[in-house]
Amino acid sequence: MSHPTTDRRTLSLLKPTGHLTLGNYLGALRQMAAQQGDADCYYGIADLHALTVPHRPDDVRAYTAEMLRLCLAIGIEPERSTLFVQSHVSAHSELAYLLESTAHLGELNRMIQFKEKGRGRSDTRASLFTYPALMAADILLYRTSEVPVGEDQRQHVELTRDLAIRFNREYGEVFVVPEIVTPATGARVMDLQNPTAKMGKSATSTAGTVFLLDRPSVARRKVLRAVTDSDGDLRYDPMDKSGIANLLDVLSACTDGTGPADLAASFTSYGGLKEAVAEAIVATLEPVQKRFAEIEPGEVLEVARRGAQRAREAALPTLHAAQQAIGLR
Ligand code: AMP
């Protein structure tokens with residue numbers, strides 16, 4: 001097993017609430033694969049987090065299996081990284097309770113995601129309120145030194161730091177206080193039908209979302225039907241021409257890295273640009289889909305089993321130290 005010889009340890013989790021999209025790939029997955037070797041990487045499918053909102057049990061299971069397999073298909077190598085399913089490592093739930101017993105009501109009440117998604121509704125699941133403690137457990141269990149997160153998750157990692165510092169102060173030095181790092185910027189991909197909103201795996205309509213496993217003809221059609229504008233002026237202007245800017249951003253991310261403003265100059269029509277984007281997306285998805293098809297379900301199970309074992313070995317010393325410090329062992 002060739003673990004990288006580095007002190008940097010990083011963790012990223014994917015929540016199994018939908019099919020992974022081109023946005024996930026260009027914005028996160030590709031960087032996750034590239035990072036292997038530079039850091040000791042922990043990559044988890046956060047199935048416990050998928051229970052914080054109404055869900056269908058079979059969907060969570062199916063998305064979890066699909067995401068694991070896609071992680072392998074995009075180049076996450078289980079010999080170099082620890083790839084695991086969160087619920088297979090019970091230390092996550094166990095440490096989460098200790099951190100719920102460290103967090104204050106006021107802190108959890110201030111979480112933007114809770115305010116936006118659940119506060120004030122009587123049928124909001126209690127776990128939506130407490131899940132920042134679970135997320136803190138995810139991070140702290142592995143003595144993670146760096147957490148790459150986008151702006152929407154920043155507040156959660158700040159809370160994780162606060163909880164680690166408070167716990168360490170009250171009960172003794174147990175946790176590594178993680179740094180928040182801005183991930184190497186991947187493209188921010190917008191919805192093809194609504195280019196001012198992020199392309200997301202849980203969008204109500206899928207017409208503007210390219211999924212990693214979309215058949216080439218389907219992906220193509222979605223691109224050719226992308227919303228643009230009516231002035232016909234082909235230039236890169238994210239403020240006033242969000243549809244065209246998004247297509248240029250995607251093209252830039254899927255090809256050799258020529259910037260979107262320079263790419264704009266090489267097209268004379270919106271139709272020509274859409275054709276090129278469709279082709280670039282299909283070429284990007286093709287090798288991923290090919291590898292996905294080659295991976296046997298049994299291989300995925302074995303990867304998850306070994307990943308959980310390795311994750312447990314890394315997590316248990318931290319859990320035990322925390323239990324002892326707080327008065328349990
Ligand atoms: P999510 O699907 O929102 O749970 O996000 C999983 C990861 O994919 C996070 O690192 C996101 O920042 C990234 N991601 C999700 N959607 C997009 C998008 N449309 N463009 C770029 N990155 C994205």
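Annotation: of all residues in the stretch 208-232 being of a type in the set (A, V, I, L, M, F, W, C) and within 18 Å of THR17 (Cα to Cα), the one that is farthest from the ligand (Cβ to nearest atom) is LEU213.
Against the list (1) touching a residue at least 60 places away in the same chain (Cβ under 8 Å); (2) surrounded by fewer than 23 Cβ atoms within 10 Å (Cβ to Cβ); (3) within 13 Å of the ligand (Cβ to nearest atom), the condition VAL85 fails is (3).
Checking every residue in the stretch 241-251 against the condition of being exposed (fewer than 14 other Cβ atoms within 10 Å of the Cβ) and at negative phi gives zero matches. Quick one: is ASP58 within 16 Å of the ligand (Cβ to nearest atom) and charged (D, E, K, R)? No; evaluated as a whole, the condition is false for this residue. Just wondering, is there one or more residues in the stretch 11-22 that are closer than 21 Å to ASP214 by Cα, in a strand (DSSP E or B), modelled with pLDDT of 95 or more and within 12 Å of the ligand (Cβ to nearest atom)? Yes - at least one qualifying residue is present in the stretch 11-22.
Condition test on PHE167, is it buried (at least 20 other Cβ atoms within 10 Å of the Cβ), assigned to a loop (DSSP other than H, G, I, E, B) and away from the ligand (no atom under 16 Å from the Cβ)? Even if it seems obvious, please write down each step before you answer.
Numbers: buried (at least 20 other Cβ atoms within 10 Å of the Cβ): yes; assigned to a loop (DSSP other than H, G, I, E, B): no; away from the ligand (no atom under 16 Å from the Cβ): yes.
It is false that PHE167 is buried (at least 20 other Cβ atoms within 10 Å of the Cβ), assigned to a loop (DSSP other than H, G, I, E, B) and away from the ligand (no atom under 16 Å from the Cβ).
Out of curiosity, is GLY172 outside the structural domain of LEU251 (by TED's automatic domain parsing), away from the ligand (no atom under 16 Å from the Cβ) and in contact (Cβ under 8 Å) with a residue 60 or more places away in the chain? Yes, satisfied. For the stretch 26-49, a residue qualifies if it is at pLDDT below 95 and within 11 Å of the ligand (Cβ to nearest atom), and the qualifying residues are LEU26, GLY27, ALA28, LEU29, ARG30, GLN31, MET32.
For residues that are within 16 Å of the ligand (Cβ to nearest atom) and of a type in the set (A, V, I, L, M), scanning just the stretch 126-144, find the one that is surrounded by the most Cβ atoms within 10 Å (Cβ to Cβ).
If we filter the stretch 126-144 for residues that are within 16 Å of the ligand (Cβ to nearest atom), which is where we start, we get 128, 131-132, 134-135, 138-139, 144.
Restricting the remaining residues to those that are of a type in the set (A, V, I, L, M) gives 128, 134-135, 139.
On the way: LEU128: 20, LEU134: 21, MET135: 23, ILE139: 25.
Checking each candidate, the answer is ILE139.
Each residue in the stretch 108-122 was checked for being part of a loop (DSSP other than H, G, I, E, B) and not basic (Lys, Arg), and 4 pass.
Screening ASP40 on (1) within 14 Å of the chain's Cα centre (by Cα); (2) buried (at least 23 other Cβ atoms within 10 Å of the Cβ); (3) of a type outside the set (Lys, Arg) shows it passes everything except condition (1).
Yes/no per residue for (1) within 16 Å of the ligand (Cβ to nearest atom); (2) free of Cβ contacts under 8 Å to residues at least 24 places away in the same chain:
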{"residue": "LEU95", "(1), (2)": "no, no"}
{"residue": "GLY106", "(1), (2)": "no, yes"}
{"residue": "THR124", "(1), (2)": "no, yes"}
{"residue": "GLU146", "(1), (2)": "yes, no"}
{"residue": "GLN153", "(1), (2)": "yes, yes"}
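The values are calculated or read from the model by the stated rules, or taken from the named source; none is laboratory data. Because the structure is a prediction, the values reported are computed rather than measured. Quick reminder, even Gly has a Cβ in these numbers, built from the backbone with ideal geometry, and neighbours come from all protein chains shown.
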